[in-house]
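Undergrad: Encoded as structure tokens, here's the structure I'll be asking about.
The values are calculated or read from the model by the stated rules, or taken from the named source; none is laboratory data. In this text, all values refer to a predicted model and were calculated from it rather than measured experimentally. Please note: Cβ atoms are built from the backbone with ideal geometry, for glycine as well, and neighbour counts cover all protein chains shown. These accessible areas exclude ligands, DNA and RNA; they are computed on the full protein's heavy atoms, side chains included. Shrake-Rupley method; radii C 1.70, N 1.55, O 1.52, S 1.80 Å.
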Amino acid sequence: MKKTIAITSLLCLITTISLAQRKKLQLSFNTNVLDAHVAAEFSLSENSTFYTAIGFGYESVGSLNLNKYYDKSAQGGRNSDVLRPEIFFAPYLNMQYRNYFLKTRDNRKGYYIGNNSGMYAGARLKLYTAPVISMNGGVEAIKQNYMLGLMIGYQKALGVQRRFIINANTGVSTHANYNLSFFRSKPMLHGSVGYVIK
């Protein structure tokens with residue numbers, strides 16, 4: 001598993017260096033309440049980009065039904081089963097292919113399309129390490145896992161200098177660990193506010 005992570009990271013680094021030498025690059029720092037990441041978005045063509053991010057954030061395994069984790073707790077003077085949250089925080093690598101499919105139309109209508117503003121559709125691969133912080137001790141056994149899926153989203157540059165960006169995407173992804181002891185489809189929803197560094 002460590003070899004898989006190392007090879008994937010190396011390929012991502014080589015691709016990033018190669019694209020940075022030939023294509024337009026946008027660097028940004030992005031955050032929301034439960035996530036923070038540094039992202040680089042490279043232009044592949046007039047309407048498509050390769051987005052890669054390294055960060056630390058939240059993920060949930062609640063919909064995977066791995067096991068039912070319960071904790072005995074006293075409520076109203078009697079013991080009852082209380083479901084414990086199946087969420088964790090961990091470092092991750094997030095790679096996305098984005099196609100800004102309305103860019104020509106938006107440009108024709110006079111909308112701002114700089115800093116990769118507009119609607120996009122694409123695919124995402126997100127690789128997580130083992131949980132660093134978890135709300136449930138049983139989740140720590142997951143070790144490394146990944147999410148692979150299709151998405152649609154919207155990114156918009158705001159402000160006088162157009163350096164603040166709002167990004168939101170949703171879609172469906174498969175969530176599994178590397179040895180496939182669990183594999184399940186689940187919805188995804190993500191949003192962030194960022195600042196364009198370059």
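Undergrad: Against the conditions (1) open to solvent by 70 Å² or more (accessible area, probe 1.4 Å); (2) free of Cβ contacts under 8 Å to residues at least 24 places away in the same chain, where does I113 fall short? Just the number, please.
TA: Answer for I113: the failing condition is (1).
Undergrad: Can I ask one more? Filter region 158-185 down to the residues that are over 28 Å from M119 (Cβ atoms) and among the aromatic types (F, W, Y), then identify the one that is modelled with the lowest pLDDT.
TA: The residue in question is F182.
Undergrad: Moving on to the next point. Which one of these does N94 not meet: (1) free of Cβ contacts under 8 Å to residues at least 40 places away in the same chain; (2) closer than 18 Å to N32 by Cβ; (3) polar (S, T, N, Q)?
TA: (1)
Undergrad: Taking into account only those residues within region 152-191 that are among the β-branched types (V, I, T) and under 12 Å from R124 (Cα atoms), which is most open to solvent (accessible area, probe 1.4 Å)? Full working, then the answer.
TA: Step one: list which residues in region 152-191 are among the β-branched types (V, I, T), which gives 152, 160, 165-166, 170, 172, 174.
After this cut, where a residue has to be under 12 Å from R124 (Cα atoms) as well, the list is 152, 170, 172, 174.
Numbers: I152: 76, T170: 61, V172: 93, T174: 32 Å².
If we take residues in region 152-191 being among the β-branched types (V, I, T) and under 12 Å from R124 (Cα atoms), then V172 is most open to solvent (accessible area, probe 1.4 Å).
Undergrad: Scan region 83-110 for residues that are open to solvent by 50 Å² or more (accessible area, probe 1.4 Å) and farther than 18 Å from L148 by Cα and jot them down.
TA: L83, R84, P85, F101, T104, R105, N107, R108, K109, G110
Undergrad: Against the definition (touching a residue at least 40 places away in the same chain (Cβ under 8 Å) and either within 30 Å of S43 (Cα to Cα) or surrounded by fewer than 16 Cβ atoms within 10 Å (Cβ to Cβ) (or both)), how does S134 come out, yes or no?
TA: So S134 fails the test.
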